[in-house]
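Worksheet: one structure, shown below.
Every read-out reported here was derived from the displayed coordinates using simple, explicitly stated rules and does not represent laboratory data. What you are looking at is a predicted structure, and each value in this text was computed from that prediction instead of being measured. Positions of Cβ are generated from backbone atoms using ideal geometry, with glycine treated the same way; all protein chains shown enter the neighbour counts.
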């Protein structure tokens, strides 16, 4: 009898605690459209037992069914609000106050710490101010040579395949890893030549671990996750990544200290008197010398963030752009013609920054591909207090997801949305403001978007100059899902036919 009484008291206490803690939130959430809900399981019953690809498709269908604003309750404690109304997207992304990333970004803290992607408040403002000069056009111009060098290696690897059907996604990811590693750290990883290094393996594994956690409800609860073998493995892999980055940081600092280079010449001249490329890491080290409060951990966090943000996202963008070119040979031919106009008969010439900037049609192709296949399909925000948007009151501390992927395929925003049509971007004034934001927008927009666009142009133009891109009928529509970024379930299979000299 006592046990029953104690149990009843416990249940009642839990009930009143829940109502007090979540009652206000739940009252506000109830105003948002949503799928059918079930006790305890809420809306998660709709995705139980589903593959990531299935879940991605289900959420797309829910978005089209329940309108531009709707909710999804994972369980009684975790809820999400989904938004695809450009006016509300503008209010969120343009705000100087609504800039906090949602709690699910905390899953990245093990590797990225409080780097630019996951930080907020004063720390975010401080870091953003320090890092912005790293993406000045004079710095970006130096990175073009890095892209060109690793692009040559990539094209050489493609020639070895001799027109055979290959998964371009797995290969292009090694190219982007080489580019981002040398640009971020000044370190030549050469992943394309040897993908067996511990760092390459660790980068691949950490993204796979995060993916497993995203789609496992119990692993999203921090104290439960820390009891799992997955967490133990994450700690091991993260240590490998951190150790590698710190070794490079220490070696880079030792290099500059030994040269005794002063503030004016630091990062510009090597010991042979030749102009030296400035890696992202060099700028962070210099910022510390100039008095900006960046200790070794802070520098490591930003270098790791640059590695994370600039690797898989670019791989996804390039792979899907190549697929779209393969499916649209007439558009591919126009890109080739543009390359001929820029390079003339000298296709062997390395592309300069000016050449890349002149690739206006290729840029439209890339933008159209990003509309259909944005590397980051949704951005998430967390509001510190209740916010009224579009006639709804968004409760504090509920993750609000801006649906980039769904907006790009909304027929009310993009007529005939599944048609690949780069001409949409001939006059971007015709595109509804904030309906196309693959790099986000406002104060938390992607700081590396110019770097990313240059890299995508660099590698695609090199491929187009040497190859025709082909796709077999059965490979035209690969399945894909959102991990951390949009990722094909079984790769993107293409063929690359070497062009004749004439």
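Please work out how much length the chain gains when fully extended from residue 250 to residue 14, using 0.36 nm per residue of separation minus the C-alpha to C-alpha distance, in nm with one decimal.
Difference between extended and current length: 79.8 nm.
Which whole-number percent is the relative contact order of the chain (Cα, under 8 Å, 6+ apart)?
24
Please report the relative contact order for segment 391-502, taking Cα pairs under 8 Å with a sequence separation of at least 6, and give it as a percent rounded to a whole number.
16
Would you give the gap between the C-alpha center of segment 48-98 and the C-alpha center of segment 323-350, rounded to a whole Å?
Their Cα centres are 38 Å away from one another.
What nm value, rounded to one decimal, do you get for the distance between residue 412 and residue 222 when each label is placed 7 Å out toward the C-beta?
Calculated label separation equals 3.8 nm.
Against the empirical 2.2 N^0.38 Å scaling, what ratio does the C-alpha Rg of segment 5-159 come to?
Scaled against compact globular proteins, the figure is 1.52.
Return, ordered by residue number, the residues of segment 393-410 whose backbone nitrogen is under 13 Å from a label point located 7 Å along Cα→Cβ of residue 106.
Once the point is set 7 Å along Cα→Cβ of residue 106, 397-399 turn out to lie under 13 Å by backbone N, inside segment 393-410.
Taking 0.36 nm per residue of sequence separation and subtracting the Cα-Cα distance, how much length would be gained by fully extending the chain between residue 479 and residue 432, in nm to one decimal?
Full extension from residue 479 to residue 432 adds 14.1 nm.
Rounded to the nearest 0.05, what FRET efficiency do residue 348 and residue 450 have when you use their Cβ-Cβ distance and R0 = 35 Å?
E between residue 348 and residue 450, to the nearest 0.05, is 0.85.
Give the whole-number value, in cubic angstrom per residue, of the convex hull volume spanned by the C-alpha atoms of segment 310-455.
134
Among 41, 372, rank each residue by its count of other Cβ atoms within 10 Å, from fewest to most, as a rough exposure measure.
41, 372
At a 10 Å Cβ-Cβ cut-off, how would you order 316, 278, fewest neighbours first?
Starting with the residue having the fewest Cβ neighbours, the order is 278, 316.
How many angstrom lie between the Cα centre of segment 451-502 and the Cα centre of segment 356-401?
Using only Cα atoms, the two centres lie 24 Å from each other.
Please compute the Kirkwood hydrodynamic radius of the chain from all pairs of different C-alpha atoms, in Å with one decimal.
This gives a value of 24.5 Å.
Taking 51 Å as R0, compute the FRET efficiency from the Cβ-Cβ separation of residue 165 and residue 24 and round it to 0.05.
My answer for the efficiency is 0.35.
Over the Cα atoms of segment 374-421, how large are the radius of gyration and the largest Cα-Cα distance (Dmax), in Å?
When restricted to the Cα atoms of segment 374-421, Rg and Dmax are 14.1, 41 Å.
Give me 209, 370 ranked fewest to most by other Cβ atoms within 10 Å of their Cβ, as a rough exposure proxy.
209, 370
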